[in-house]
1. Just to be sure I understand: with springs between alpha-carbon atoms less than 10 Å apart, which residue in 50, 233, 163 has the highest mean-square fluctuation in the Gaussian network model of the chain?
2. May I ask you to compute the full-extension gain from residue 273 to residue 88, defined as 0.36 nm times their residue separation minus their alpha-carbon distance, rounded to one decimal in nm?
3. Springs between alpha-carbon atoms under 10 Å, Gaussian network over the chain: tell me which of 258, 165, 112 tops the mean-square fluctuations.
4. Taking every alpha carbon pair in segment 156-279, what does the distance histogram look like in 5 angstrom bins from 0, in percent?
5. At a Förster radius of 25 Å, what calculated FRET efficiency corresponds to the Cβ-Cβ distance of residue 110 and residue 69, to the nearest 0.05?
6. Which FRET efficiency value, to the nearest 0.05, is calculated for residue 248 and residue 167 with the Förster distance at 45 angstrom and r the Cβ-Cβ distance?
7. Using alpha carbons only, how many degrees (0 to 90, rounded to 10) separate the axis of helix 149-158 from the longest principal axis of the chain?
8. Which percent, to the nearest 5, of DSSP beta bridges fully inside the chain are antiparallel?
Amino acid sequence: MSLARRLKAITEFFSKSQPAETNEEKSHSENMNLTLKVWRQNGTDDKGEMVSYSANDISPEMSFLEMLDVVNDQLESESIEPIAFDSDCREGICGMCSLVINGQPHGPGSGTTTCQIYMRSFTDGSTITIEPWRAKAFPITRDLCVDRSAFDRITQAGGYVSMNTGSAPDANSIPIAQDLAEEAMDAAACIGCGACVASCKNASAMLFVGAKVKHLNILPQGQPERQKRVAAMVDSMKEEGFGNCTNEYECEAVCPKTISADHIGFLNRDYVKAKISGQ
């Protein structure tokens, strides 16, 4: 037998004797090693800076927040202060996960929050930049956490309807057309995450305010306080330091609930009517 045939036979023998790759080994081989550039800031008055961290052996099936949990476990084992970030439901409902990922609020997905982004959206060896919302009205409290209580104060100014106390009325006591109810529900889908503010060069909150105003102002229950509501909420928005809308449509593009910028037009029309009436 020639030397070439002997080598071929030996190679075939050893290749057959090797155990098949298990699913666990295969999954492990597909894990990613990433570099994170994270904004670290120790309080509102701190200057802050970007700090680089390694995220190794990250499964593509992890959510983005799970990846940060893994990195924080690693930092704690090295006696390094973990990265502070907001999260709550991790189901795209609460709006707490406010991160700018590679310059885009809520990351590369469309119609999704940060917690709904999975690591399969990134490639092995890539660098990911993570920052908090950037707006004067959203001061940074620590690292990636911001204070969004300005939204609460805007809602307190007029985002409600006044009702008499007593027993609950019948569900069909006030007839509402189906298309009107659907339009109100589309506006009420806003979760108040603040991505519209983070994406806008003017840090405008008009998409948020427009959604909150419209879902009440087009329903019968919201009519008695319609003009008072829109005037109070827009004036509160200005007092909080948010900018005005210049029709860039960035807010609509990054909104995790795909709320239309048409609500801003509705807000402007109702605001003009309220001011003409003396509100």
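Please treat every number below as a calculation from the coordinates, not as lab data. All figures in this text were calculated on a predicted structure; none of them were measured in a lab. Methodologically, a virtual Cβ is constructed for each residue, glycine included, from the backbone with ideal geometry; neighbour enumeration extends over all protein chains shown.
1. Result: 163 has the largest fluctuation of those listed.
2. Full-extension gain reported as 62.7 nm.
3. Result for the chain, Cα springs under 10 Å: 165 fluctuates most.
4. P(r) for segment 156-279, in whole percents per bin: 2, 11, 20, 23, 20, 13, 7, 3, 1, 0.
5. Numbers: r = 24 Å, r/R0 = 0.98.
Efficiency, from the Cβ-Cβ distance: 0.55.
6. E(calc), rounded to 0.05, equals 0.40.
7. 30
8. Numbers: 15 of 20 bridges.
That works out to approximately 75 percent antiparallel.
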